[in-house]
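Each value in this text was obtained by applying a stated rule to the coordinates, not by laboratory testing. Please read these numbers as outputs of a predicted model, since none were measured by experiment. Heads up, the Cβs are rebuilt from the backbone with ideal geometry, glycines too, and the neighbour counts pull from every protein chain shown.
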Amino acid sequence: MPHSDPLVTIDHFRMEFGNQTVINDLSFDIKKGETFGLLGANGSGKTTVIRALLGIYQPSAGELLINGKGYTVDSGIRLGYLPEERGLYKKETVMTVMTYFGRLKGMTRKAAEQWSLSYLERVGLAHKATVRLDKLSGGQQQKVQLGVTVMNDPELLILDEPTKGFDPVNRRLLMNIIEEHQRAGATVIFVTHQMEEVERLCDRIILLKDGAASAYGSIDQVKKKYHGASLDDIFVSIYGDTPKGEEI
């Protein structure tokens, strides 16, 4: 269950690229132990929020804090980030890549290998352990990337479209893995366009449009604001006039 203390605080965040304002005075928090849906159409500013939170972008104004301070790699928080644009070493074998990332996260080689083998068994890829990543399908690579993300039991999991392109069987498998980390107390930031996933996983949500919050609160609160409409209908009512562009 979520605690009342925020793990993530976004306070009067503004982001400008040249003369374009991408995020405009955005404030919200994410409580410890909750799963928080960061939602919006393409170009609404979701990825900008994540990149600024992780220190990849410097905000034009405001603060983005994890545990009360700006994030750095030596902040002491165990963090797992699954970006929408996947990035693994394609010329290496699955086991080499997973063990490498496990070592980066502070695991011993043996512990990283054992964890990786157990994970690969679970997601049906044990027979691919010694295969190069570029020989796997996109969905198989995605499973490996999720494994790298949840290694070492992160306190904060940031998942950007984790089930994108998955068939229903594999989507359910990944959702089950995410739910296990929820039950273990992880705080999860969840970016998705699948509203049924939001309904299943999220405690609270924010819906961004043009870098500002169109709605923010629990799923029940947001539905109440829109007279009991489904999340799908709310999404369409807010973003239906937004042309599909590139994510910012």
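List of remarks:
- In the range 65-140, the GluC sites (Glu not before Pro) that fall in loop regions by DSSP, at most 13 other Cβ within 10 Å: Glu85
- Highest-MSF residue in the chain out of Lys209, Lys46, Lys69 [GNM, Cα springs under 10 Å]: Lys69
- Mean-square fluctuations from a GNM of the chain, with a 10 angstrom spring cutoff on Cα atoms, peak among Pro154, Pro168, Pro59 at Pro168.
- In this calculation the C-beta distance from Arg132 to Lys110 is compared with R0 = 22 Å, giving a FRET efficiency of 0.45.
- Under 5 Å between amide hydrogens, built in the peptide plane, is the criterion, and for Glu34 it picks out His3, Val188 among residues at least 5 positions away or on other chains.
- Legend: residue pairs Lys32/Lys223; Lys46/Lys135; Lys69/Lys143; Lys105/Lys143; Lys90/Lys128; Lys46/Lys69, Cα-Cα distance threshold 25 Å; pairs beyond threshold, Lys46/Lys135; Lys69/Lys143.
- Theoretical ellipticity at 222 nm over the chain - DSSP helices of four or more residues, -39500 (n - 2.57) apiece, nearest 500: -10500 deg cm²/dmol
- Modelled spin labels at Asp167 and Asp74, positioned 7 Å past Cα toward Cβ, are 4.7 nm from each other.
- Charge dipole magnitude, Cβ of K and R +1, D and E -1 - the range 86-152, Cα centre, debye nearest 20: 120 debye
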